[in-house]
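FYI, it's all coordinate maths here, none of it is from the lab. Keep in mind it's a predicted model, so treat the numbers as computed, not measured. Glycine also receives a Cβ, built like all others from the backbone with ideal geometry; neighbour counts cover every protein chain displayed.
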Amino acid sequence: MKRVLGPVPLVGLLVGLASAGPVSAGESPPPDGERRISFLVQASDRDVWARVAREFEEARPGVVVDLVEGPNATDLRENLYTASLLSGDPSFDLVYMDVTWTPKFAQWLVPLEGEIPPAEIAALLPQAVEAGRFDGHLYRIPVRTDVGLLFYREDLLEAAGVAPPRTFDELTRAARSLQEPPGLWGFVWQGSQYEGLVCAYLEVLRGHGGFWVDPETLEVGLDRDEAVDALEFLRRCRSGEEAISPPGVTAYKEDESRRLFQDGRAVFLRNWPYVWRLSQAPGSPVAGKVGVLPMVHDPRGTSAGTLGGWGFGVSRFGRQPHLAVEFVRHVVSLPGQRALCRETGYAPARVEAYGDPALLEANPLLPDLLALHARAVARPVIPGYAMASDVLQRHLSAALAGLASPRDALWAAARETRLLLSPGDAGNRALRPFRDGRFLASLKNTAVFTGASVALETLLGIGAALLLHRAFRGRGLARAVALLPWALPTAVMALAWAWIFNDSFGVANDLLLRLGLLDRPVAWLSSPGSAMAALVVADVWKTTPFVALIVLAGLQGIPHEVVEAARVDGLNAWQRFRRVTLPLLVPSILAAVLFRLLQAYGAFDIVYVMTGGGPGGSTETVSLYAFQTYFRYLDPVHGAWIAVHGLLLPAALAVLLVRLARPRWRRT
């Protein structure tokens, strides 16, 4: 019988696994007669994998498949797997992998070319199989695939007599003629600083006849005219009077862009095949009104969607590697593909499954997807892919946010990518991030965030403490309610604020528009200044109660006789506060500032959730940079180096603050 474990506590597991020593694969054997394998699965896919696992278990008495329910966000599951594999943890026999993870995880995976018969590998989509090869070995077997598509409102185009576009110019003209912003935008896509931006850009890049990195020769094509033209197209989509994309598109990921399209507020959408199933669901405003096209192209290039998908690798640390391989073979069999793809509409990895009647009924797009896979653009399987992707993401985001011109951004990205791929530069890996000033930029961002947050929290915290110190009916309840923001988990709070500041669905724009303070929605998270301001607002809302609590404790420690004596001496309320209360509060205020200074300087989760460090790296903090270096780039030494050196400044400020406060403490 299958066991489904509860949701994984991300931060605790990462810290625990990363700090643990290597674990022997022979520890904690399963009970006699029972064979058990496990892997991490996103919460939204739990039910479908439960069906697949049940079929596998029923055919093999004594076998148990544990599904460890993890977060839906791909990067969070990647970090969980990274922490587990870094520590040699045997908890996961299988690694459920995105198409780009092979170079990163290959060192911890079992080569599969000798474990799975060649005929079974040949039955899978060749492009998907090749994405699992690295350094001459096959480490990942695809189980479902994806390819980028262009969705469009079939009803709107037909009513206007507009033919489905085939080129970028046709897409632009059609979107511009049909859109009525802000209620109906022409074209939405994934422009946030994350892997989805790379996928969207690669399709436009291939459409212009360009390329990113040749995995065979390691030649970089980002500083060619085709690459610049591709980025210029995306920049024009959201900028200027003739924009066809909302300004906030540079903060959109798959779900935000899909929601806008599915709500009937966009004409064209670039996304993955899963959108089809959701758009046709009962109650969908666009059910029966959606058409699907290959991505458009320029006369110089060809139409191509970015290759995506998921597959399995077998961990070297797992206790049941042979059973894990057996499970993979079951999943890619025709019955396994039916169980995985029939209810979800996923595109299978097995070629013959594209003609299976049961799967065609669930997803009528399968024949088109099979043809598109033949010319899909794959992300390069290269060493250091995670860092190369982050380099491209940051510079693409910077150009889209107006921080750099497309040409300057791509020239910088090309230079850094060549530096990363240079075989003679391996010994200087620790210096690479500093050659483009990334560490100094993150240090500056951290200082701005810390200074603004702590200053506002201190002022508001003192004011709140003074209010809560006064006697009034319900004071106890008011104090308890005031502490609620501080008690909420930061990640949950940050997610709520990210939606509050969403340009299309957020409460902030809606409220300000209703009050007449705005005449159009603001893309808060799409420009450097407003994104940083949004982070500060969210942090101030959460942590002002902490400052208020410390200051309130100081207020309650001030003798009533001292204040009353000041009143008798004729001092008014402001004079009493400035000359009596405030000097006596200095130790409490400095303690609160000291705590908040150190906490704010180490800010990670609020930035990770709300902006991911974007746009263009303008909100990346030292803690986020250190985390990326440790878990994404697999460089724990350099990650620790960044963290330690990044904390020298707040440590120095804390010492200075204590020294400056010491005479005042003595006087009070």
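Return the whole-Å distance between the Cα centroid of segment 47-98 and the Cα centroid of segment 323-340.
Taking the Cα centre of segment 323-340 as reference, the centre of segment 47-98 is 14 Å away.
Sorting check: for 35-48, 560-573, 379-392, which peptide has the highest mean count of neighbouring beta carbons within 10 Å, and how do the rest follow?
379-392, 35-48, 560-573
Tell me what the chain gives for mean residue ellipticity at 222 nm when only DSSP H runs of n ≥ 4 count, each as -39,500 (n - 2.57), the sum divided by the residue total, rounded to 500 deg cm²/dmol.
Computed ellipticity for the chain at 222 nm equals -15500 deg cm²/dmol.
Under 8 Å for C-alpha pairs, at least 6 residues apart: give me the relative contact order for segment 29-96, rounded to a whole percent.
Details: 74 pairs, mean separation 31.1, N = 68.
Over segment 29-96, the number comes to 46 percent.
Please work out the Cα convex hull volume for segment 226-369 and give it in Å³ per residue.
Convex hull volume per residue, Cα atoms: 177 Å³.
With labels modelled as points extended 7 Å from the Cα through the Cβ direction, what inter-label distance (nm, one decimal) is found for E352 paired with E55?
Reported label-point gap for E352 and E55 is 1.4 nm.
If you work out volume of the Cα convex hull per residue in Å³ from the coordinates, which of [x] 181; [y] 147; [z] 193 do you get?
Calculated volume of the Cα convex hull per residue in Å³: the matching label is [z].
Let me check I've understood the local charge: for L468, count other residues with C-beta under 10 angstrom from its C-beta, Lys and Arg +1, Asp and Glu -1. What total comes out? Don't jump to the answer; show the numbers that get you there.
On the way: positive: R470, R475, R479; negative: none.
Result for the neighbourhood of L468: +3.
Note down the nm distance, to one decimal, between modelled labels 7 Å out along Cα→Cβ at L360 and at A553.
7.1
Relative to the longest principal axis of the chain, what angle (0 to 90°, nearest 10) does the C-alpha long axis of helix 321-331 take?
70
Tally Lys/Arg at +1 and Asp/Glu at -1 over every other residue whose Cβ is under 9 Å from the Cβ of F505; what's the total?
Taking every other residue near F505 into account, the sum is -3.
Would you please put 265-277, 326-338 in order of how densely packed they are, using the mean number of other Cβ atoms within 10 angstrom per residue and starting with the highest?
265-277, 326-338
Classify segment 602-655 from the C-alpha gyration tensor, please: rounded if a/c falls under 1.5, else prolate or oblate depending on whether a/b exceeds b/c.
In terms of gyration-tensor shape, oblate.
Can you compute the FRET efficiency between V637 and D75 using 1/(1 + (r/R0)^6), with r the Cβ-Cβ distance and R0 = 30 Å? Round to the nearest 0.05. Present the calculation step by step, with values, prior to reporting the outcome.
Numbers: r = 22 Å, r/R0 = 0.73.
For V637 and D75, the calculated efficiency is 0.85.
Starting from the Cα of R407, move 7 Å in the Cα-to-Cβ direction to define the label point; list residues of segment 232-248 whose amide nitrogen is under 18 Å from there.
232-236
How far is helix 490-500 tilted, in degrees, relative to the longest principal axis of the Cα atoms in the chain, given as a value from 0 to 90 rounded to the nearest 10?
Helix 490-500 sits roughly 80 degrees off the main axis of the chain.
Which FRET efficiency, nearest 0.05, do L515 and L184 yield, Cβ-Cβ r, R0 25 Å?
Computed FRET efficiency for L515 and L184 comes out at 0.55.
Based only on other Cβ atoms within 10 Å, what is the fewest-to-most ordering of H469, H208, H395? Display every interim value, and only then the final one.
Details: H469 17, H208 23, H395 29.
The most exposed by this proxy come first: H469, H208, H395.
For a test of the definition: using alpha carbon positions, the gyration tensor, and the 1.5 limit on a/c, classify segment 438-667 as rounded, prolate or oblate.
Oblate, since a/c reaches 1.5 and b/c is not below a/b.
Need one word for segment 220-261: rounded, prolate or oblate. Basis is the Cα gyration tensor (sqrt eigenvalues a ≥ b ≥ c); a/c below 1.5 gives rounded, then a/b vs b/c decides.
Values: a/c = 3.50, a/b = 1.65, b/c = 2.12.
Note, shape of segment 220-261 comes out oblate.
Let me check against my output: what whole-number percent is the relative contact order of segment 476-610, with C-alpha pairs under 8 Å and at least 6 apart?
Computed value for segment 476-610: 31 percent relative contact order.
Suppose every K and R has +1 on its Cβ and every D and E has -1 on its Cβ; what is the size of the dipole of the chain about the Cα centre, in Debye to the nearest 20?
Dipole size: approximately 2800 debye.
So, R0 is 51 Å and r is the distance between the beta-carbons of D263 and V562; what FRET efficiency does that work out to, to 0.05?
On the way: r = 61 Å, r/R0 = 1.19.
For D263 and V562, the calculated efficiency is 0.25.
Taking 0.36 nm per residue of sequence separation and subtracting the Cα-Cα distance, how much length would be gained by fully extending the chain between L598 and D569, in nm to one decimal?
Full extension from L598 to D569 adds 6.4 nm.
Output the relative contact order of the chain, whole-number percent, from Cα pairs under 8 angstrom with separation of 6+ residues.
15
Of the listed peptides 182-193, 79-90, 547-558, what is their order by residue-averaged count of other C-beta atoms within 10 Å, with the highest listed first?
182-193, 79-90, 547-558
For E241 and R173 in the same chain, what is the full-extension length gain: residue separation times 0.36 nm, less their Cα-Cα distance, in nm?
Working it through step by step, the gained length comes to 23.1 nm.
Tally Lys/Arg at +1 and Asp/Glu at -1 over every other residue whose Cβ is under 12 Å from the Cβ of Y252; what's the total?
The answer is +1.
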